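The structure under discussion appears below in the form of structure tokens.
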Number of protein chains: 2
Amino acid sequence: MPAKRRARAPVFAALGDETRLSLVAKLCGRRPYSISQLTQGSKLTRQAITKHLRVLESVGIVHSVRTGRESLFEFDPQPIEGVKQYLDFVSEQWDQALSRLKSFVED
Amino acid sequence: MPAKRRARAPVFAALGDETRLSLVAKLCGRRPYSISQLTQGSKLTRQAITKHLRVLESVGIVHSVRTGRESLFEFDPQPIEGVKQYLDFVSEQWDQALSRLKSFVED
DNA sequence: CTAATATGCAACCCGGAGGTTGCTTAATAT
DNA sequence: ATATTAAGCAACCTCCGGGTTGCATATTAG
């Protein structure tokens with residue numbers, strides 16, 4: 001279980017950036033976007049966006065396929081699901097702790 | 001909505017570290033821990049642990065109360081819940097995208 | 001064939017994150 | 001009264017993250 005926790009930190013870290021969060025928001029809603037498309041509207045450089053995409057890719061939130069002269073990025077849900085499980089675990093532990101406290105006070 | 005997303009990046013970032021994840025895991029399960037207690041078993045210095053706790057505190061995942069000569073840290077669930085909402089949003093968008101793709105293919 | 005477009009690669013900058021050590025101060029135990 | 005124990009503060013170090021610029025390369029448009 002702590003092994004799983006260890007594996008999740010990088011996913012959280014990858015989500016810990018505004019730019020990457022907005023990339024995820026775009027990619028989870030529609031099909032593949034090219035790097036240029038994802039750069040449109042951003043104040044950042046194409047290279048900066050590329051770096052962010054590689055970070056997301058490194059933890060499996062996204063994957064890329066090179067087609068012709070452009071590389072298309074697509075969302076991948078698994079890591080997000082994993083991380084949600086961890087958060088559910090935390091919430092559950094907390095609820096149980098509250099329950100224990102409550103029954104202790106009532107005695 | 002993008003304003004909310006902006007506010008969530010720091011929470012994800014705070015969770016994007018193994019040490020802090022394990023601190024959260026401890027704190028969400030039982031009541032207050034002092035800094036010394038949280039340092040027990042860790043290979044890190046008390047000061048390092050303190051810094052991590054301050055990071056968690058800065059995004060509201062945890063709060064501290066000074067009692068006597070020790071300061072006790074306690075878990076706070078709200079930021080985690082907020083972040084879960086964001087992840088649920090992402091999952092939902094993705095599911096909808098899949099649905100649209102499916103009905104497109106079926107036509 | 002040539003120009004334009006989409007990326008990749010590498011060097012470089014800067015600031016902050018994660019960690020340590022050393023010293024000080026406050027509270028409690030003896 | 002004194003020794004311990006719990007923390008806070010500050011300086012310092014190293015390394016990586018986020019960004020940029022510049023140049024090279026591969027596709028595709030005309």
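Coordinate-derived values only; no laboratory data. None of these values were measured; they are calculated from a predicted model. Methodologically, a virtual Cβ is constructed for each residue, glycine included, from the backbone with ideal geometry; neighbour enumeration extends over all protein chains shown.
Take the Cβ-Cβ distance between A:LEU98 and A:GLN40 as r, set R0 to 45 Å, and report the resulting FRET efficiency rounded to the nearest 0.05.
Working: r = 47 Å, r/R0 = 1.04.
E(calc), rounded to 0.05, equals 0.45.
If I model segment B:18-65 as equal point scatterers sitting on the Cα atoms and use the Debye formula, what is log10 I(q)/I(0) at q = 0.15, 0.28, 0.33 Å⁻¹?
-0.32, -1.25, -1.67
For A:HIS63, place a label point 7 Å from Cα along the Cα-to-Cβ direction in every copy; what are the distances to the other copies, in nm, shortest first?
In ascending order, 4.5 nm.
Using the Karplus curve 6.51 cos²θ - 1.76 cosθ + 1.60 with θ = phi - 60°, work out ³J(HN,Hα) for each residue of segment B:56-65 in order, rounded to whole Hz, and write x for Gly and Pro.
Per residue, the Karplus-derived 3J(HN,Hα) values read 4, 5, 5, 10, x, 6, 8, 9, 10, 10 Hz.
Identify which of A:VAL24, A:VAL65, A:VAL90 has the largest mean-square fluctuation in a Gaussian network model of chain A, with springs joining Cα atoms closer than 10 Å.
A:VAL90
Can you compute log10 of I(q)/I(0) for chain B with the Debye formula, treating each Cα as one identical point scatterer, at q = 0.20 Å⁻¹?
-1.00
Please name whichever of A:THR45, A:LEU98, A:PRO79 sits farthest to the positive end of the charge dipole of segment A:45-107, dipole taken about the Cα centre and charges placed at Cβ: Lys and Arg +1, Asp and Glu -1.
Of the candidates, A:THR45 comes out farthest on the positive side.
Once the label point is set 7 Å along the Cα-to-beta-carbon vector, what list of distances in nm do you get between A:THR45 and its counterparts in the other copies?
3.6
Given q = 0.11, 0.13 Å⁻¹, what are the Debye log10 I(q)/I(0) values for the protein assembly as shown, with equal point scatterers placed on the Cα positions and solvent ignored?
Calculated log10 I(q)/I(0) at the listed q: -0.61, -0.79.
So, in Å, what gap is there between the alpha-carbon centers of segment B:17-31 and segment A:64-93?
Segment B:17-31 and segment A:64-93 have Cα centres separated by 23 Å.
For the Cα atoms of chain B, what angle does the longest principal axis make with the long axis of helix B:18-27, in degrees from 0 to 90, nearest 10?
Value to nearest ten degrees: 70.
Only Cα pairs within less than 10 Å get springs; with that Gaussian network setup on chain A, which residue of A:ARG20, A:ARG66, A:ARG54 has the largest fluctuation?
Maximum among the listed residues: A:ARG66.
Compute, for chain B, the length of the dipole vector about the Cα centre, with Cβ point charges of +1 (Lys, Arg) and -1 (Asp, Glu) only. Units Debye, rounded to 20.
620
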